[in-house]
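Step one of this worksheet: look at the structure below.
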Amino acid sequence: MKTCRLCQNSSDLRKSHIFPRSIYKGLKKDSGQLLNLSVDKPLEAKLSNSNPTEMLLCGECEQFLNRNYEGYGTRLLKDHQKFKKTPEGLIIKNFKFNKFYLYLISILWRASESTLHVFSNVELGSKFNEYFRCCILNRSTRLNTSLKLEHFCRISMVKLVDPSGDIPPEVMRKLLMYITKELGTSAQDPVLFYFVVDGFLIIYYLRIFDDIHEQRTEIIAAQLTNNHRVFVPKVDYRTFKFLNQAFEAINVYHEKK
Ligand SMILES: [Zn+2]
């Protein structure tokens, strides 16, 4: 018997997936393979079907996550053919902010709770871990009467494209890149975590302000907001240095084969 990280009850723990299993299923079905990129520098592509697990959660909490977040979250990421397309991006209608936001939060939280090497760069600290845990469990992002989790951890989502046409959309969708961290130069700078799945780049943006008004009102590019209709812009993947490195590493991998 060990302590479940979510409900904190003593229980028999399951081998919990840090990334929901459903994310991998789709990838394998479409591509027959999955490219993982190691977090170690220099970036190196590894062909892998591995799906890291760790004893973190009890069976009830596994089901709780599945029922409340993973069905909707995975469907949204996988079924983007259904979204309205514009030249600039995708429009998601009937967007369920709480469900999708907490789905993404639950992935970052599990990575932070994990002691596996592949997630060693994700360490949110005990205070954030506890905020995340409570919000996931309460199915609410409310921290108190005036503050919500999204005031501290904003999440952006963009659709990655390659205008040069070198990387076809189906190859882009094949990439699963685990969470990468980017630190600013000062303590006031945000801490960013990225992950790439199904051709989307997810950016977690954690920032602490001294001023509560700033804390509540900052808006970042491509931020997921609590609206029924959300716009996900297309962004040239070459905008992001680490994605340049990632695709270079994949090319090197294919040339070696
Ligand atoms: Zn539990």
**Asked** Of all the residues that make up segment 1-23, how many are open to solvent by less than 40 Å² (accessible area, probe 1.4 Å) and over 18 Å from R67 (Cβ atoms)?
**Response** 2
**Asked** Which residues, taken from segment 175-224, are β-branched (V, I, T) and either touching a helix residue (DSSP H, G or I) at 6+ places or on another chain (Cβ under 8 Å) or on the phi > 0 side of the Ramachandran plot (or both)?
**Response** I179, T180, V196, V197, I202, I208
**Request:** Go through segment 135-146 and give me each residue that's in contact with a helix residue (DSSP H, G or I) (Cβ under 7 Å, 6 or more places away or on another chain) and surrounded by 15 or more Cβ atoms within 10 Å (Cβ to Cβ).
**Result:** C135, I136, T141, L143
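Within segment 160-181, is even one residue among the hydroxyl-bearing types (S, T, Y), under 27 Å from L57 (Cβ atoms) and modelled with pLDDT of 95 or more?
Step one: list which residues in segment 160-181 are among the hydroxyl-bearing types (S, T, Y), which gives 164, 178, 180.
Those left that are additionally under 27 Å from L57 (Cβ atoms): 178, 180.
So of that shortlist, the ones also modelled with pLDDT of 95 or more come out as none.
No - not one qualifying residue is present in segment 160-181.
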**Prompt:** How many of the residues making up segment 53-70 are within 13 Å of the ligand (Cβ to nearest atom) and part of a strand (DSSP E or B)?
**Reply:** 4
**Fill in**
Of the listed residues (V161, V196, V171), the one being touching an Asp or Glu at 6+ places or on another chain (Cβ under 8 Å) and surrounded by 11 or more Cβ atoms within 10 Å (Cβ to Cβ) is V161
**Asked** Has segment 102-115 got any residue that is over 24 Å from K15 (Cβ atoms), within 18 Å of the chain's Cα centre (by Cα) and either surrounded by fewer than 16 Cβ atoms within 10 Å (Cβ to Cβ) or touching a residue at least 12 places away in the same chain (Cβ under 8 Å) (or both)?
**Response** no
**Item:** Tally, over segment 87-124, of residues that are over 16 Å from Y194 (Cβ atoms) and aliphatic (A, V, I, L, M)
**Value:** 5
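The values are calculated or read from the model by the stated rules, or taken from the named source; none is laboratory data. Source: prediction; values computed, not measured. Cβ sites come from the backbone with ideal geometry, for glycine too, and all protein chains shown count toward neighbours. In case anyone asks, the SASA skips ligands and DNA or RNA and just uses the protein heavy atoms, side chains included. Shrake-Rupley method; radii C 1.70, N 1.55, O 1.52, S 1.80 Å.
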